[in-house]
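Contents: one structure, followed by commentary.
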Amino acid sequence: MNSPYKASEFQNLIHGECVLGNGAELSVINPATEEAVVTIFSASAQQVDNAVLAAKAAFPTWSALKQNERKVILAQIAEITKANMNELASLHASETGKPMADAMFEIGATAGFFEFHAHVPTDALDPTDIPNSDAKAYRLPLGVVAAIVPWNFPMALMAFKVPGALLAGNTVVIKPAPTTPLTTLLWASLINEALPKGVINVVADSGDLGPILSAHKDVRKISFTGSTATGKHIMKSAADDLKRITLELGGNDPAIILEDADLDEITTPLFEAGFMNNGQTCSAVKRVYVHQSKHDDLVKRLSAMADATKIGSPLEDGVKFGPIQNKRQFEVVTELLNDAVKQGAVVEAGGYSPKGSGYYLRPTVLSGVKDGDRIVDEEQFGPVLPIISYNNINDVITTINSSPFGLGASVWGTNKDDINVVVNQIETGSVWINKHFPVAPNIPFGGARQSGVGSELGTQGLLEFTQLKIVS
């Protein structure tokens with residue numbers, strides 16, 4: 001099949017200029033067809049250096065602007081994004097495998113995060129007097145921020161980082177993931193007209209630029225979303241010159257279904273939380289602990305929903321889930337699924353891939369699983385949901401708190417006192433009650449233990465892009 005896209009449409013943005021990459025060849029694969037959307041060239045190490053130097057050169061002028069002046073530009077970026085939503089979403093669906101409705105939602109959310117920061121009160125950035133002293137606290141921008149973005153939500157997670165960094169007065173170098181650079185590159189070329197040169201730079205990566213960018217001496221902060229393993233490498237890279245870091249890393253979020261939970265009310269939102277973006281969400285429900293009295297009924301209900309779900313081409317009407325985004329992740333998920341079956345798991349729904357091309361796996365519900373199974377203990381990051389029966393809630397809480405992961409958790413039930421007892425004992429960055437992962441730009445988000453360092457979004461996330469300076 002001939003692609004409608006040409007390599008020349010996808011260039012790096014460096015110092016306000018769109019420039020072709022002169023690094024390694026990079027074929028961006030459509031996961032629905034396993035064919036190349038387009039083959040481009042990634043940026044070279046020299047181009048990464050040029051991008052950082054461009055951001056560094058732009059920093060004094062950008063940081064000197066008044067907050068309202070920066071907000072005007074954030075608003076323009078939001079408007080340009082919305083004006084090109086159809087074009088961006090169509091490309092986004094091709095490289096991510098998301099159904100068009102989901103791709104449109106993500107592009108809309110991207111615009112929304114920029115728009116939010118264009119109007120949010122910024123009192124937290126204003127100088128403040130420290131009570132009972134002659135000291136004053138200032139919040140100053142850091143300098144060049146490296147925004148390193150994963151493949152599951154390439155645009156939305158970029159927008160978790162960039163608007164706040166810019167609003168605080170920093171300049172940015174964005175590195176999208178090697179499997180999903182195209183929408184970010186196209187978006188950068190569109191918003192370039194609204195930007196002073198060098199304020200936003202984008203470099204495409206074939207898998208070798210992350211260490212170069214995170215170790216660059218002129219990068220003052222790294223904001224990274226991705227796997228815990230990669231986050232550890234970035235933390236080591238940042239150590240030499242003590243770069244500031246925000247790491248939003250892997251999650252193995254549990255949902256705890258209490259004995260009095262109303263399955264009529266919770267089954268649909270629980271299914272959505274487990275299979276959002278085909279399970280390729282750091283904070284999706286990755287394991288369900290359900291009281292033994294509700295186990296069989298919940299398994300039956302979730303399995304019926306999984307069986308009724310339409311999967312297929314992202315461009316096909318009525319499709320809820322497309323393919324897993326890339327071959328490597330498809331292999332990881334299927335390996336964990338196969339291991340679970342060998343350990344005695346029962347496939348209640350799904351568990352197979354349709355014939356033909358594409359990295360497809362039907363939404364899969366597993367019973368007969370337990371703590372200690374890899375599918376329960378590891379982050380599968382795909383459309384497989386293990387259901388674990390319990391009879392002692394204290395054992396569940398102990399298990400959750402002893403996991404290396406601590407991104408989020410949810411508790412589902414009807415008795416508020418019982419819910420609060422559980423919520424107050426869970427040690428994760430976020431805990432949600434009768435819902436899972438409500439995203440909003442004013443609510444901070446971050447993980448405990450090996451699920452991350454620092455926060456994104458909200459006032460706390462904004463302040464992470466600043467240096468506290470005390471004048472006394």
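The values are calculated or read from the model by the stated rules, or taken from the named source; none is laboratory data. Here the structure is a predicted model, which is why all the values come from computation and not from measurement. Because the Cβ atoms are built from the backbone with ideal geometry, glycine has one as well, and the counts that use them run over all protein chains shown. Please note that ligands, DNA and RNA were not included when accessible areas were found on the heavy atoms of the full protein model with its side chains. Shrake-Rupley method; radii C 1.70, N 1.55, O 1.52, S 1.80 Å.
Take 18, 282 and sort them by solvent-accessible surface of the protein heavy atoms, 1.4 Å probe, largest at the top.
Numbers: 18 55, 282 15 Å².
Result of the area sort, largest leading: 18, 282.
Multiplying the sequence separation of residue 229 and residue 75 by 0.36 nm and subtracting their Cα-Cα distance, what value in nm do you get? Each step should come with its number before you reach the end.
Working: separation 154, 0.36 × 154 = 55.44 nm, distance 3.56 nm.
Full-extension gain reported as 51.9 nm.
So what does residue 276 come to for accessible area, using a 1.4 Å probe and Å² rounded to 10?
40
Of the listed values (1) 22.6, 66; (2) 22.5, 72; (3) 28.3, 91, grab the one calculated as Rg and Dmax of the Cα atoms in Å from the structure here.
Of the labelled values, this structure produces (2).
Quick one: Karplus J couplings for the stretch 340-350, per residue in order, coefficients 6.51, -1.76, 1.60, θ = phi - 60°, nearest Hz, x for Gly and Pro?
4, 5, 4, 7, x, 5, 9, 7, 7, 7, x
Straight-line reach from residue 355: which aspartates and glutamates have Cα under 14 Å away, leaving out those fewer than 8 places along the same chain?
Answer for residue 355, where 14 Å is the Cα cut-off: 34, listed by chain and number.
Considering only DSSP beta bridges with both partners in the chain, what is the antiparallel share in %, to the nearest 5? Walk me through the intermediate numbers first.
Details: 26 of 65 bridges.
Once the DSSP bridges in the chain are tallied, antiparallel ones form about 40 percent.
Taking amide H atoms as placed 1.01 Å from N in the peptide plane, list the residues 5 or more away in sequence, or in a different chain, whose amide H sits under 5 Å from that of residue 448.
For residue 448, whose amide H was placed from the backbone, the distant partners under 5 Å are 406, 407, 429.
Want the number for residue 374 to residue 300: 0.36 nm per residue separation, take away the alpha-carbon distance, what's left? Mind showing how you got there, number by number?
Details: separation 74, 0.36 × 74 = 26.64 nm, distance 2.30 nm.
Going from the current span to full extension adds 24.3 nm.
Please list the non-local residues whose amide H lies under 5 Å from the amide H of residue 26, H modeled 1.01 Å from N, same-chain partners needing a gap of 5 or more.
40, 41, 42
Report the gain in length on full extension from residue 439 to residue 8: 0.36 nm times residue separation, minus Cα-Cα distance, nm rounded to one decimal. Don't skip to the answer; put the middle values down first.
Numbers: separation 431, 0.36 × 431 = 155.16 nm, distance 3.52 nm.
In short, 151.6 nm is gained.
With every protein chain present, what accessible area does residue 138 have (1.4 Å probe, heavy atoms only), rounded to the nearest 10 Å²?
70
Please calculate how many Å² of accessible area the stretch 286-375 carries per residue, with a 1.4 Å probe and no DNA, RNA or ligand atoms counted.
On the way: 4220 Å² over 90 residues.
Heavy-atom SASA per residue in the stretch 286-375 reads 47 Å².
Where does the chain land at 222 nm, in deg cm²/dmol rounded to the nearest 500, when only DSSP H runs of n ≥ 4 count, each adding -39500 (n - 2.57), divided by all residues? Intermediate values should be presented prior to the final figure.
Numbers: 15 runs with 185 residues, N = 472.
Using -39500 (n - 2.57) per qualifying helix, the result is -12500 deg cm²/dmol.
Say R0 is 41 Å: what FRET efficiency, to the nearest 0.05, do residue 418 and residue 307 get from their beta-carbon distance?
Working: r = 32 Å, r/R0 = 0.78.
That gives a FRET efficiency of 0.80.
My understanding is that a pair violates if its Cα-Cα distance is over 20 Å; which of 232/370; 286/435; 82/221 do that in this structure?
Details: 232/370 28 Å; 286/435 14 Å; 82/221 29 Å.
Listed pairs above 20 Å: 232/370; 82/221.
Given a Förster radius of 45 Å and the C-beta distance between residue 218 and residue 119 as r, what FRET efficiency does 1/(1 + (r/R0)^6) yield to the nearest 0.05? List each step's numbers first, then the result.
Working: r = 31 Å, r/R0 = 0.70.
With R0 = 45 Å, the Cβ-Cβ based efficiency is 0.90.
Counting only residues 5 or more places away or on other chains, whose amide H sits under 5 Å from the amide H of residue 443 once H atoms are built in the peptide plane?
Close amide H contacts, sequence-distant or interchain: 458.
To the nearest 10 square angstrom, how much accessible area does residue 465 have with a 1.4 angstrom probe?
Accessible area, nearest 10 Å²: 10 Å².
Measuring with a 1.4 Å probe in the full set of protein chains, what accessible area per residue, in whole Å², belongs to the stretch 3-117?
On the way: 4840 Å² over 115 residues.
Solvent-accessible surface per residue comes out at 42 Å².
Suppose every Lys and Arg Cβ carries +1 and every Asp and Glu Cβ carries -1, with no other charges. What dipole size does the chain come out with about its Cα centre, to the nearest 20 debye? Intermediate results must be reported in sequence, preceding the final value.
On the way: 37 positive and 51 negative charges, 212 e Å.
Roughly 1020 debye, rounded to the nearest 20.
Compute the separation of the alpha-carbon centres of the stretch 57-98 and the stretch 253-277 and state it in Å as a whole number.
35
Can you tell me the FRET efficiency between residue 57 and residue 425 if r is taken as the Cβ-Cβ distance and R0 is 56 Å, rounded to the nearest 0.05?
Values: r = 51 Å, r/R0 = 0.90.
For R0 = 56 Å, the calculated efficiency reads 0.65.
Apply the Karplus parameterisation 6.51 cos²θ - 1.76 cosθ + 1.60, with θ equal to phi minus 60°, to every residue of the stretch 102-108 and state each ³J(HN,Hα) to the nearest whole Hz, in sequence, with x for glycine and proline.
So the Karplus estimates, Gly and Pro as x, are 6, 5, 4, 4, 5, 5, x Hz.
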